[in-house]
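As structure tokens, the structure follows; a few thoughts come after it.
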Amino acid sequence: MTDIGMEEEDDDGNNNNHVLGVDVALLEGGWGEKLFDSDTEGRNINIIDPVYTEDYKRPSLGLIYSIDDKPPWYLCILLAFQHYILAFGGIIAIPLILAEPLCVKHDNTVKSQLMCTIFFVSGICTILQTTIGTRLPILQGGTFSLITPTIAILSLPQWKCQDTEVFNYNGTGNFSTNNTESWQSRMREIQGAIIIASFFQLFLGFSGLIGLLLRFIGPLSITPTISLIGLSLFGEAGKKCGTHWGIASITVALIVIFSQYMRNIEVPMILYSKGKWKFSKYPVFKLFPVLLGMCLSWLLCYILTHFNVFPSSPAKYGFAARTDINIDAIDNSPWFHIPYPGQWGWPTVSLSSVLGMTSGILSSTIESIGDYYTCAKLSGAPNPPTHALNRGIGMEGIGCILAGIWGTGNGTTSYSQNIAALGITKVGSRLVMQTAGILLIVLGLFGKLGAIFITIPEPVIGGMFMVMFGMITAVGISNLQYVDLNSSRNLFVLGFSLFSGLVIPTWLEEHPGVISTGVKELDQTVTVLLTTKMFVGGFFGCLLDNTIPGSDEERGTYAWHKQMHGGKTNGSAGQSCYDLPFVTKYLRRLTWTQYIPFLPTFQKDRN
């Protein structure tokens, strides 16, 4: 058992002891108990400050580290690396998807530069979000919400790939010089659309409009929105698992065994503390179930590839489980690459591109609101207050603007799979996610290091997706604890919103072009919105819940808003985790700050 501690001062000048390493067995009681450990002299020390247990009033989550806890540096790095692995598949997929419409499908050098850029910007946005945004342990990465409008823009006649661009490939991993300006002009069009559209998201957040809309959002609005985040990705998970169900099943089994059946098994380790070496037990399987499961499956695929157990023909089943399919990406990636703003030239702006991209930004915004509530629950924090939500959405707008300026070809948003990992690893520390942001920046500078992970086989990623997205769906359903499920009204709202969120987008995806108003920009905007499952489900849930008669107790909004606004932000240990670092105590001395919707002193959160 470790007893590494550190004293620091809070905003009021009080000393708080933060224990950096604790015995997991003592934490199984959750937030509802006053827990103690003993130091080297046998004295009792408080592991979790009792004021946390009083203000949070969270159900027992078995958290090892909650939002304000600071794990030891070596655990921070390992846990941050696990988040990097989880986000890698989603982040790396975006430049690979955009390579074809950008007409650089065969240019691995350009693709590696795009990968370095999106990792670099994702790290910057993660640090900004966790430090001055919502301050929740939430990783920022490329968003699939912007891929649909991006592809739609690049499908316009003036941006379609020409035959000379597709086939003028010199066989060395690069296009001829004549094609450089061609693909970069496409990228600049996407950059300009993302930058201008992101100002809309920035305005929604910092103006407080998002906070005002929350009065119409309750459990029956949040449940379909969050649940459909996981459910909408079942096709992607199934597609990757289907490339080799055996490897995918092994990956799922390992993660489940480590995270559920072996979660309380502690592994003896030798640690250095206070000038001496000593034995300590750590819940390794509880901390790193996803990382262990994926690495073991990855190793198995490498061994089977080495002995040619998997077929070598792409046409045969199981080929995708090989680890040498994308090995050329390592050779073609630069050792060191520093992304910089405007590296592809000055962005260009057109009205049709901006309107189409705005619909993707709106969908990403709605999805992120649900992510904030999920992340708060899994990290042991109270539901985010209005000012934190406003600031989080505004910060995502800034993140998308930075992504556009740097030229990632995409924006940034909250990553659901990393939020789900908080529930499985039982580690919700903000410091871990900030470390992950630094790791994303560093690894984004070293192209070959990041390219190594491109060799992770698709069925391994698919197995991880099955566990992660299942957790997200379950967390969404858990919000129904506030709702009267014996009410036929509530059952109708829930069932219809969930079913519509699956039916309408699926039908539109199977019948492209069915929406035709005669205005291309309007067609594109409506299509993007109605093909986003989270938007459709959340929209119908919110509309029906606010228009069909029902009492606040029946709808669950009374208990929901009571918990949301039950704690105060003016110095209490509960929602103080959302306060801005260093400046909050000075802001409280200024009366005008109570009218600023993104500051911790916002009057709505104090009443």
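At 1.4 Å probe size, what's the solvent-accessible area of I217? Round to the nearest 10 Å².
Per-residue accessible area (I217): approximately 30 Å².
Any idea how far the Cα center of region 181-241 sits from the one of region 303-330, in Å?
Going from one Cα centre to the other spans 35 Å.
Which shape class, rounded, prolate or oblate, goes with region 450-496 when its Cα gyration tensor gives a ≥ b ≥ c as root eigenvalues, a/c under 1.5 marks rounded, and past that a/b bigger than b/c marks prolate? If you can, show how the numbers build up before the last one.
Values: a/c = 5.18, a/b = 3.95, b/c = 1.31.
Taking the square roots of the gyration eigenvalues as a ≥ b ≥ c, region 450-496 is prolate.
Tell me, what ³J(HN,Hα) does each residue in region 116-122 have, in order and in whole Hz, if you take phi through Karplus 6.51 cos²θ - 1.76 cosθ + 1.60 with θ = phi - 60° and put x for Gly and Pro?
Result, rounded to whole Hz: 4, 5, 6, 5, 4, 5, 4.
Could you give the accessible area per residue of region 387-456, probe 1.4 Å, as a whole number in Å²? Let's see the in-between values first.
Working: 1190 Å² over 70 residues.
About 17 Å² of surface per residue is accessible.
Per residue, how much accessible area does region 227-367 show when a 1.4 Å probe rolls over the protein heavy atoms, in square angstrom? Write down the numbers at each step before the final one.
On the way: 7360 Å² over 141 residues.
Each residue of region 227-367 exposes 52 Å² on average to a 1.4 Å probe.
Among the listed pairs K160/K240; K111/K520; K111/K316; K111/K533; K70/K377; K286/K585, which are separated by more than 25 Å between their Cα atoms? Don't jump to the answer; show the numbers that get you there.
On the way: K160/K240 28 Å; K111/K520 30 Å; K111/K316 27 Å; K111/K533 29 Å; K70/K377 18 Å; K286/K585 37 Å.
Beyond 25 Å: K160/K240; K111/K520; K111/K316; K111/K533; K286/K585.
May I ask you to order 114-125, 529-540, 480-491 by the average number of other C-beta atoms within 10 Å around their residues, highest value first?
Details: 114-125: 25.9, 529-540: 23.8, 480-491: 15.2.
Final packing ranking: 114-125, 529-540, 480-491.
Show me the ranking of peptides 192-202, 381-391 by mean Cβ neighbours inside 10 Å, starting with the highest.
Numbers: 192-202: 22.7, 381-391: 25.4.
In decreasing order of mean packing, 192-202, 381-391 become 381-391, 192-202.
Please work out how much accessible surface Y340 shows to a 1.4 Å probe, ignoring ligands, DNA and RNA, in Å² rounded to 10.
120 Å²
Enumerate the amide H contacts of Y282 below 5 Å, restricted to partners 5 or more residues apart or on another chain; note that Pro and chain-start residues carry no placed amide H.
V267, M269
On a 1.4 Å probe surface of the protein chains, which of W277, W245, W298, W560 comes out largest in accessible area, and what is the full order? Don't skip to the end; give the middle numbers.
Numbers: W277 175, W245 120, W298 50, W560 5 Å².
Per-residue accessible area, sorted high to low, gives W277, W245, W298, W560.
Hey, what D do you get for region 204-336 in µm²/s if you plug the Kirkwood alpha-carbon radius into Stokes-Einstein at 37 °C and 0.692 mPa s? Don't skip to the answer; put the middle values down first.
Working: Rh = 19.5 Å.
Stokes-Einstein gives a translational diffusion coefficient of 168 µm²/s.
Over the C-alpha atoms of region 214-269, what are the Rg and the largest Cα-to-Cα span, Dmax, in Å?
Cα-based Rg and Dmax for region 214-269 come out at 17.4, 51 Å.
Mind giving me the FRET efficiency for V519 and V267? R0 is 45 Å, r the Cβ-Cβ distance, nearest 0.05 is fine. Intermediate results must be reported in sequence, preceding the final value.
Numbers: r = 62 Å, r/R0 = 1.38.
Efficiency at R0 = 45 Å is approximately 0.15.
Largest first, what is the accessible-area ranking of I255, I548 with a 1.4 Å probe? Don't skip to the answer; put the middle values down first.
Working: I255 0, I548 50 Å².
Ranked from most to least accessible, the order is I548, I255.
Taking the convex hull of the Cα atoms, report for region 337-378 its projected area averaged over all directions, in nm². Working shown, then result.
Numbers: hull surface 20.7 nm².
Directional mean of the projected Cα hull area for region 337-378 stands at 5.2 nm².
Let me check something: with ligands and nucleic acids excluded, how do V475, V514 order by accessible area (1.4 Å probe), largest to smallest?
Ranked list, largest accessible area first: V514, V475.
Collect residues whose amide H, placed 1.01 Å from N in the peptide plane, falls under 5 Å from the amide H of Q140; neighbours closer than 5 in sequence don't count.
Sorted by chain and number, the residues that satisfy this are T126.
For region 385-419 and region 93-156, what is the separation of their C-alpha centers, rounded to whole Å?
12 Å
In whole Hz, what ³J(HN,Hα) sequence does region 303-311 give by Karplus (6.51, -1.76, 1.60; θ = phi - 60°), x for Gly and Pro?
Listing the rounded values in order: 5, 5, 5, 4, 8, 6, 6, 7, x Hz.
Using a 1.4 Å probe over the heavy atoms of the protein chains, calculate the carbon and sulfur portion of the accessible area of region 338-414 as a whole percent. Don't skip to the answer; put the middle values down first.
Working: 1310 of 1660 Å².
On region 338-414, the fraction of accessible area on carbon and sulfur atoms equals 79 percent.
If you count only protein heavy atoms and use a 1.4 Å probe, how large is the accessible surface of E521, to the nearest 10 Å²?
That residue has around 60 Å² of solvent-accessible surface.
The values are calculated or read from the model by the stated rules, or taken from the named source; none is laboratory data. Note that this is a predicted model, so its numbers are computed, not measured. Don't worry about glycine lacking a Cβ; one is built from the backbone with ideal geometry, like all the others, and counts go over all protein chains shown. Heads up: the accessible areas ignore ligands, DNA and RNA and are worked out on the full protein's heavy atoms, side chains in. Shrake-Rupley method; radii C 1.70, N 1.55, O 1.52, S 1.80 Å.
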